[in-house]
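Peer 1: My questions all concern the structure below.
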Amino acid sequence: MSKENKSMSNKDIIGRLIEARAILDDCVKVLLKVGVQKARTSPKKVSDQKLTREAKLDFGLNERNFIKIHAKGLSGPKKFTLLLAFMAKGKVGTDIALDSLRFKWGKMTSKNLMEYEFNRKYSTEAKTQGWVDSKKSSFYYLTNRWMNIFN
């Protein structure tokens, strides 16, 4: 403790605490007013993309529709994981051949789907992130962490 605090009387301390309490009460009032004003305004619309990602994935869709809905804004490794998830119907541990993944990717390179050509580094990066894994060469499966691609 500093010398200043030792020499303060109880009255001084109580006086400062009362002042601090008044300041805090004023701050709370201001925050409550701001909170009430925000609550009265209409809620912001959540983007369709965010709703889609939070919604349960529908593996019954055809591959192009599934990718169009869920792959917007995802990087290459995340799109690789998403395509693997589609092909495995979301089941962790289901082996899918890299050749079949590459073939399906090649059919969906338009701007509103995968956007670009398949690159082998996507599978490597997805594996590095822990979204996918492989027991044998050129076969990949989803891990329990694959849904983290949406975070």
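The values are calculated or read from the model by the stated rules, or taken from the named source; none is laboratory data. Bear in mind that the values here come from a model prediction, so they are computed numbers and not experimental data. With ideal geometry, Cβ positions are generated from the backbone for all residues, glycine too; neighbour counts draw on all protein chains shown.
Peer 1: Say whether the condition of being more than 14 Å from Trp146 (Cβ to Cβ) and either buried (at least 16 other Cβ atoms within 10 Å of the Cβ) or not assigned by TED's automatic domain parsing to the domain that holds Trp146 (or both) is met by at least one residue in the range 73-89.
Peer 2: Scanning the range 73-89, I find at least one residue that is more than 14 Å from Trp146 (Cβ to Cβ) and either buried (at least 16 other Cβ atoms within 10 Å of the Cβ) or not assigned by TED's automatic domain parsing to the domain that holds Trp146 (or both), so the answer is yes.
Peer 1: Please go through the range 91-117 and pick out each residue that is outside any loop (DSSP other than H, G, I, E, B) and closer than 25 Å to Arg145 by Cβ.
Peer 2: Applying the first criterion (outside any loop (DSSP other than H, G, I, E, B)) to the range 91-117 yields 96-106.
Residues satisfying the conditions are Ile96, Ala97, Leu98, Asp99, Ser100, Leu101, Arg102, Lys104, Trp105.
Peer 1: Next question. Would you mention how many residues in the range 122-151 are loosely packed, with under 12 Cβ neighbours inside 10 Å and part of a helix (DSSP H, G or I)?
Peer 2: Matching residues across the range 122-151 total 1.
Peer 1: Among the residues that make up the range 106-115, is at least one of them among the acidic types (Asp, Glu), surrounded by 12 or more Cβ atoms within 10 Å (Cβ to Cβ) and farther than 18 Å from Phe66 by Cβ? Working first, answer last.
Peer 2: Applying the first criterion (among the acidic types (Asp, Glu)) to the range 106-115 yields 115.
Still in the list and also surrounded by 12 or more Cβ atoms within 10 Å (Cβ to Cβ): 115.
Imposing the further condition that a residue be farther than 18 Å from Phe66 by Cβ reduces the set to none.
No: zero hits.
Peer 1: Now, a different point. Is it true that Glu115 is within 23 Å of the chain's Cα centre (by Cα) and under 13 Å from Tyr140 (Cα atoms)?
Peer 2: no
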